[in-house]
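A short write-up of the structure that comes next.
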Amino acid sequence: MRYAQGDVTPPPEVGAAAFLRAVQPRPREEERLEARFIAPEGRCMRRFNANAEQLVAETMRRASGWNCYFGVGLRRRENGTAAGVGRVGAVWWEVDAKLFALEKDPKAAALAAIDAFPVPASVVVDSGAGITAITVWTNRGAWSDQENASGSRR
């Protein structure tokens, strides 16, 4: 079946790859997309992929029974630490519903806090363990190139 945007819901792997390409800059040869997979018994695996399609294929193999996460920022080679984050195409922030434990509906209060934030979220992901809001930069190339040239990280 051919996927034509707007005609049908895309298969999960098509939607996921399109999402990653929208959120992240196009990886350079030395950059990687990081995925973390947590098995039911708690074992964590990290994988570093050259492109969105590889990351999605890896994730689809583990989607049933594993918790799957991806790094929003591109990684320098296979460095999964904070220092290994290279270019980013979006700003992201985590909001835990437990911070709103005194509210009648903590998850709804967390989502309301995201909606009230002055910078609108492009997408909101509820992983079950927390809520991640991601705002895609529309002019991300200018910032990332300047950041890379100056060597500054923040």
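Taken together, the values in this text are just the output of simple stated rules run on the coordinates, not laboratory data. Predicted model, so just to flag it, every value in this text is computed and none were measured. Backbone-built Cβ (ideal geometry, glycine too); neighbour counts: all protein chains shown.
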Can you compute 3J(HN,Hα) from phi for each residue in region 58-63, using the Karplus curve 6.51 cos²θ - 1.76 cosθ + 1.60 with θ = phi - 60°, rounded to whole Hz and x for Gly and Pro?
4, 5, 4, 5, 10, 4
Which whole-Hz couplings ³J(HN,Hα) result when phi for each residue of region 22-32 is put into the Karplus expression 6.51 cos²θ - 1.76 cosθ + 1.60, θ = phi - 60°, listed in order with x for Gly and Pro?
6, 7, 10, x, 5, x, 7, 4, 8, 9, 9
The FRET efficiency for Lys107 and Arg76, from their Cβ-Cβ distance with R0 = 25 Å and rounded to 0.05, is 0.10
For region 21-87, listing trypsin sites (Lys or Arg not before Pro) in a DSSP loop whose Cβ sees at most 15 other Cβ atoms within 10 Å gives Arg28, Arg43, Arg77
Which part of region 71-93 falls in the paramagnetic zone of Ile114, meaning amide N under 14 Å from the point 7 Å along Cα-to-beta-carbon?
91-93
